[in-house]
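Input: a single structure, listed below in C-alpha cells.
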Amino acid sequence: MDQEPSERPLPALSFRHVDPHAYPQGVAFLDGQFVPMSEAKLSVLDYGFLHSDATYDTVHVWEGRFFRLDLHLERFFGGLEKLRMAIPFDRDGVRRILHDCVALSGHRAAYVEMLCTRGASLTFSRDPRDAVNRFMAFSVPFGSVADAEQMRRGLCVVISDRVRIPPASVDPAIKNYHWLDLVRGLYDAYDRGGETALLLDFDGNVAEGPGFNVFAVKDGRLATPAAGVLAGITRRTVFDLCRETGLSCEAKAVSPADLRQADEVFITSTAGGIMPVTTIDGAPVGDGTVGPLTTRLKDLYWQRHGDPLWSTPIHYPQ
Ligand code: PLP
C-alpha cells in the first residue's frame, strides 16, 4: 500500500537555509516560558505572519525604568479588544511579563515589545474564530529611528507621494504591522537621497512615517497631523510637555507645504523619542540646523524618564 505523503522519507535538501541573523541579546516570553531571543520563533502557519493579523505595542526602558508603561498597556489592550483577540493575562500579568523580560535580560536601555497574533488553527481553518491567539513579549537593546549623528545634525526626510493605509481600512488606533506602504516609502526616500520618509493621507496632507509621528513648529506654535495616524505615546507626551510649559500645540491637517515652510520639524517615536528633521526633499527646514524648541522638548522628554509619575523601575536580579 502507498505510504501517506507525510510518512514518505523527505527528499535530501539540495541546499540548507542559512540563518543570516545574529539575534540581538535579549529575553522573550513565548508559550508560557522565558527564552533567549534566538529561540523565540513562530510557526509559518500563524496568521500574524500570513495575514498580518496581529497587534502589538512597544515601550522603552531608559536607565532601568519603563517610560509611561500604563499608556502602552492601555493601547495594547484596546487593540486586542477591537481585533477580538483574547490572551490569558490581564494588564498586571502583562506588566509582570514585560518586567521579567527586561530584568532577566539585564538591559538598562531596552526596546520592549508585547504582541498578540491571531495564531493558528489545527485545521488551517480560514475562520479567525478557530485560531488560538498567541501572546508574546520580548526585550532587546534600545534602538532608535535616528542614530547619534542624525540626532546631532537632524534627519533628511523625503515626502513620498504614497498614501498611508487609510483609517477606514485599518484603524490606526490598533497598532499594527501593515507596513508595506511605509517600507515602499522608505525605498522612495533612499532613491531620492533621503534617510526616511513621510507618507500622505487621502487628502494629500502629511500623515506619518515608518514608526513615527511628525510635528511642525511655526512662529513658536506646534502642529501635528490629526487624523489617519497612530496616536503615538511620544506624540501624546509632546502634548503633555507643551501644556506644562505653556506652548501651543494643535492636532490638525498639516500639508507638505506647512512642513516645508516650518521653522522646525521633528519626528516622535518610542524608538528614539523626539528626533530633529533638518532637510525635507533636500531643502533645509528653517536655517537647516536643529531648532531651539526641538532641543528644549527633547531635553525635557529625557529628563522626565526619571519622574516616578511617568516611569517605573525595573528590579534586576542581584
Ligand atoms: N506611527 C506608527 C505607524 C508607528 O508604528 C509608531 C511606533 O511604532 C508611531 C507612529 C509612534 O508611536 P509611539 O510614540 O507610541 O512609539
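What is the magnitude of the charge dipole of the chain about its Cα centre, with +1 placed on the Cβ of each Lys and Arg, -1 on the Cβ of each Asp and Glu, and no other charges, expressed in debye to the nearest 20?
Values: 33 positive and 41 negative charges, 87 e Å.
The dipole of the chain has a size of about 420 debye.
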task = Output the lone cysteines of the chain: those with no second cysteine's C-beta under 4.7 Å from their C-beta.
result = C101, C116, C156
Choice from E264, E149, E39 with maximal GNM fluctuation in the chain (Cα, 10 Å cutoff) = E149
request  = Would you work out if segment 191-264 is rounded, prolate or oblate? Take a ≥ b ≥ c from the square roots of the eigenvalues of the alpha-carbon gyration tensor; rounded if a/c is under 1.5, else prolate when a/b is larger than b/c, oblate otherwise.
outcome  = prolate
ask   = Which shape class, rounded, prolate or oblate, goes with the chain when its Cα gyration tensor gives a ≥ b ≥ c as root eigenvalues, a/c under 1.5 marks rounded, and past that a/b bigger than b/c marks prolate?
value = prolate
task = With no solvent and one equal point scatterer placed on each C-alpha of segment 148-305, evaluate the Debye formula and give log10 I(q)/I(0) for q = 0.12, 0.13, 0.14 Å⁻¹, two decimals.
result = -0.45, -0.53, -0.62
message = I need to check one value: relative contact order of segment 72-165, counting alpha carbon pairs closer than 8 Å and at least 6 residues apart, in percent.
response = 26
task = With a cut-off of 11 Å, note down the residues of segment 124-153 whose backbone N falls inside the zone around a label point 7 Å from the Cα of F49 toward its beta carbon.
result = none
message = Using only DSSP helix segments of four residues or longer, with each worth -39500 (n - 2.57), what per-residue ellipticity at 222 nm results for the chain after dividing by its residue count and rounding to 500?
response = -7500 deg cm²/dmol
note = Kirkwood Rh over alpha-carbon pairs of segment 231-318 plugged into Stokes-Einstein at 37 °C, 0.692 mPa s gives a D in µm²/s of 225
remark   = Carbon and sulfur atoms account, in whole percent of the 1.4 Å probe accessible area of the chain, for 55
inquiry  = Under 10 Å, Cα contacts only: if you run a Gaussian network model on the chain, which one of G272, G185, G282 comes out with the highest mean-square fluctuation?
reply    = G282
ask   = FRET efficiency for E39 and R243, Cβ-Cβ distance as r, R0 = 41 Å, nearest 0.05?
value = 0.40
query = When all protein chains stay in place, what accessible area (Å², nearest 10, 1.4 Å probe) is found for K82?
reply = 120
The chain: most fluctuating residue of G79, G288, G154 per GNM, C-alpha cutoff 10 Å = G288
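The values are calculated or read from the model by the stated rules, or taken from the named source; none is laboratory data. Since this is a predicted model, take the numbers as computed values, not measurements. Here Cβ is always computed from backbone atoms with ideal geometry, including for glycine, and neighbour counts include all displayed protein chains. In case anyone asks, the SASA skips ligands and DNA or RNA and just uses the protein heavy atoms, side chains included. Shrake-Rupley method; radii C 1.70, N 1.55, O 1.52, S 1.80 Å.
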